[in-house]
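Working notes, beginning with the structure itself.
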Amino acid sequence: GFGARGNFGIRGIRIFVDGIPAGLPDGQVQVDSLDASQISSIEVLRGPAAAQYGNGAGGVILIETVPAEAAPPWQLSLGLGENGFENYAAAVKAQGEGAPVSAHFTASRLVLDGHREQARSDHRRMAAKLSFRLSERDRLDLSARATDAPLSEDPGGLGLSDLYARPDAAAANNLRFNAGESLDQQSVAWRWRHEGAGDGSAVTVSNYFTWRDFENRLPFQAGGSVRIDRRLGGISAQYRWSGPLAANWVAGIETDQQRDRRQRFDNDFGVPGTQRLNQEEIVTAAGAYLGSDHALGPYALQTALRFDSLRVELRDAFPGDGDDSGRRRFQRLSHGLGLSRRFASGLSAYARFASSYDTPTTTELANPLGSGFNTELDPQTSLSYEAGIKAGGAVSVQLALYQVDTRDELVAFELAGQPGRSFFENAGASRRRGAEVSFVPRARGTLDWRLVASWADAEFRRFSSGGVDFSGNILPGTPALRLAGSLDWQPGENWRFGADLERVERVYADNANAVRSPDYLDVGVRIAWGRAFGSTRFETFAGVKNLLDRVFADNLRINAFGGRYFEPAPGRYLHAGVRLYALP
């Protein structure tokens with residue numbers, strides 16, 4: 001259920017790209033600068049992990065992009081599809097024979113007309129990655145990314161009846177006020193890693209800076225045009241070593257700062273009008289952690305402890321409505337404890353106890369009663385209990401049972417005069433119980449498949465708002481059942497066939513559980529053919545998404561005003577493409 005409530009960006013989950021945070025110190029995560037085609041691996045850490053990763057770590061996703069030395073010498077690709085989908089990409093690598101330095105440059109553009117009104121977008125990305133092998137035990141990686149998204153329209157949410165009757169429509173006010181956003185972002189980062197002389201020790205130091213200029217047009221007039229000029233940076237250091245008590249240890253420190261110049265203007269039907277707000281928001285975060293992994297025969301004991309301090313400061317530069325300057329400080333000690341045991345035949349069992357917390361972001365701290373901070377909004381804190389088994393053999397099976405008890409759950413709501421803008425309040429207490437199971441073959445063959453399923457019982461234990469008691473209701477946005485699977489068949493060297501499916505059931509859109517999102521089964525099929533011609537390989541592929549042409553919502557706007565909860569998924573649509581690249 002973590003990550004289900006993000007009405008903007010990603011919330012409740014930390015994401016790192018090449019060891020660098022893909023988010024902000026206040027807990028919000030954005031991945032619009034990431035080119036998915038350059039991803040080399042994704043590791044998912046399930047469950048709260050604040051004891052190592054800090055604020056907003058209800059789960060963690062670690063992404064590594066293609067190493068410069070492992071990339072093909074050059075690559076060109078083109079993707080086309082219905083709804084005006086166009087995707088162009090090019091990449092080139094520079095590396096001397098046996099040289100300790102390699103460089104990788106990529107550029108891409110994605111254009112989309114969209115399957116709805118007011119849904120056009122245009123995203124352009126460039127990235128450069130340099131790797132230096134300084135010695136046998138030292139490596140330095142430098143990266144730079146730039147994103148230019150001058151067009152990203154917002155069609156808004158629809159009511160349940162319009163979801164079925166007019167899934168290609170946009171909300172009336174989104175058309176009237178030309179709702180959408182534009183983005184210009186640049187970032188640079190470096191990561192240095194030193195490995196010890198065969199003793200398992202390692203030191204990693206990383207540093208990053210990001211410049212992000214963002215404009216947003218919301219579907220209302222008063223203060224509906226927003227501009228944020230953001231400067232962001234941070235540095236972290238981590239040391240791993242083998243120590244006493246047959247343990248591997250890890251210790252780290254990190255600090256980040258975010259400075260936002262936020263301005264709000266009237267949205268005069270798509271054109272910025274009278275200024276309503278001008279303020280600087282400064283978020284400073286610092287954390288230190290210590291963790292260990294003890295081997296005790298067939299048992300293993302994992303421990304983790306972390307302390308975080310986060311300060312949010314608002315400097316009001318718009319004196320026309322009084323001085324709303326202020327500051328808030330949040331501090332938290334997080335912990336994690338796990339015990340596992342190995343049995344014969346590749347079977348293992350484990351139990352885990354951990355904590356997590358989410359501080360309100362600068363956007364979530366907006367005061368629904370006027371300007372300044374919402375001083376009534378507190379961080380969300382959780383305690384998680386988990387037990388599971390892992391079995392080897394021809395098929396790897398994992399089963400996890402969990403319960404997460406949360407206090408002060410951050411819950412979104414909207415106001416009548418500002419539809420499309422979320423404010424937040426705390427629920428007294430909530431609880432998530434569930435199970436997750438996965439089946440994945442250990443060895444790939446001609447036929448490859450995987451299947452995962454999750455069941456969840458997530459409910460408000462104690463929550464009243466506006467004189468209405470929601471205690472006992474299901475948390476909106478959290479599915480009771482999700483089943484996903486894939487099947488790939490590769491009969492020979494050149495051909496590959498595949499199918500994907502996802503089944504989602506019982507998702508509510510509001511606190512009252514008065515509106516339920518349609519259950520759905522999403523099926524896709526794909527085919528690819530490729531062949532090498534000398535030192536060059538040519539590949540072509542095609543696929544059909546939403547093969548059954550089902551009507552469903554692929555995004556929910558939780559507690560949206562006027563019942564406009566649903567963002568319809570595209571109907572059945574075809575996509576295809578080609579890729580040409582040089583073999584190493």
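The values are calculated or read from the model by the stated rules, or taken from the named source; none is laboratory data. Computed from a predicted structure; not experimentally measured. Cβ placement follows ideal geometry from the backbone for every residue including glycine, while neighbour counts extend to all protein chains displayed. We work out accessible area using only protein heavy atoms, side chains counted, and drop any ligands, DNA or RNA first. Shrake-Rupley method; radii C 1.70, N 1.55, O 1.52, S 1.80 Å.
The stretch 379-402 and the stretch 149-208 have their alpha-carbon centroids 29 Å apart. Descending by average beta-carbon neighbour count within 10 Å, the peptides 337-346, 267-276, 376-385 line up as 376-385, 267-276, 337-346, the highest first.
Centre-to-centre separation between the Cα atoms of the stretch 435-449 and those of the stretch 460-520: 22 Å. Taken one residue at a time, the phi angles of the stretch 281-291 give Karplus couplings (6.51, -1.76, 1.60, θ = phi - 60°) of 10, 10, 10, 10, 10, 9, x, 9, 9, 9, x Hz. Gly and Pro are set to x. The residues of the chain have, on average, 46 Å² of accessible surface per residue, using a 1.4 Å probe with all protein chains present. Within the accessible area of the stretch 7-48, the carbon and sulfur atoms contribute 58%, probe 1.4 Å, all protein chains present. The peptide list 224-235, 140-151, put in order of mean Cβ contacts within 10 Å with the highest first, becomes 224-235, 140-151.
Would you please state which residues of the stretch 495-536 a label at residue 580 would reach in this model, taking the label point 7 Å out along Cα→Cβ and a backbone N cut-off of under 16 Å? The answer is 530-536, whose backbone nitrogens lie closer than 16 Å to the label point. 3J(HN,Hα) along the stretch 417-425, derived from phi through the Karplus expression 6.51 cos²θ - 1.76 cosθ + 1.60 where θ = phi - 60°, amounts to x, 9, x, x, 10, 9, 10, 9, 9 Hz, with x in place of Gly and Pro. Ligands, DNA and RNA left out, the 1.4 Å accessible surface of the stretch 125-187 is 53% carbon and sulfur atoms. Toward the positive end of the charge dipole of the stretch 116-245, with +1 on the Cβ of Lys and Arg and -1 on the Cβ of Asp and Glu, the farthest Cα among 161, 187, 121 is that of 187. If I take every Cα pair under 8 Å that is 6 or more residues apart in the stretch 211-370, average their sequence separation and divide by the length, what percent do I get for the relative contact order? With pairs under 8 Å counted, the relative contact order is 16 percent. Compactness of the stretch 84-227 is given as radius of gyration and Dmax, 22.2, 66 Å, from Cα positions.
Summarising the amide proton neighbourhood of residue 520: residues at separation of 5 or more, or on other chains, whose placed amide H is nearer than 5 Å comprise 504. On full extension, the segment bounded by residue 31 and residue 172 gains 47.9 nm, given 0.36 nm per residue less the C-alpha separation. Just check the stretch 398-465 against the gyration tensor rule for me: Cα atoms, a ≥ b ≥ c as the square roots of the eigenvalues, rounded for a/c under 1.5, and otherwise prolate or oblate depending on whether a/b exceeds b/c. Judged from the Cα gyration tensor, the stretch 398-465 comes out oblate (a/c at least 1.5, b/c at or above a/b).
With the convex hull of the Cα atoms taken as the outline of the chain, the averaged projected area works out to 26.7 nm². Where the centroid of each part is defined by its Cα atoms, how far is the stretch 62-87 from the stretch 526-584 in Å? Here the two parts' Cα centres lie 14 Å apart. Close amide-amide hydrogen proximity is noted between residue 158 and 565, 566, 567, each under 5 Å apart and 5 or more residues distant or on a separate chain (H modeled in the peptide plane; Pro and chain starts excluded).
Each peptide in 417-424, 489-496 was scored by the mean count of other Cβ atoms within 10 Å over its residues; highest first, the order is 417-424, 489-496. Note on residue 144 and residue 288: the extension gain reaches 49.1 nm, defined as 0.36 nm multiplied by sequence separation minus the Cα-Cα distance. Phi-derived couplings, Karplus 6.51 cos²θ - 1.76 cosθ + 1.60 at θ = phi - 60°, listed residue by residue for the stretch 352-359: 8, 10, 8, 10, 8, 8, 10, 7 Hz, with x used for Gly and Pro.
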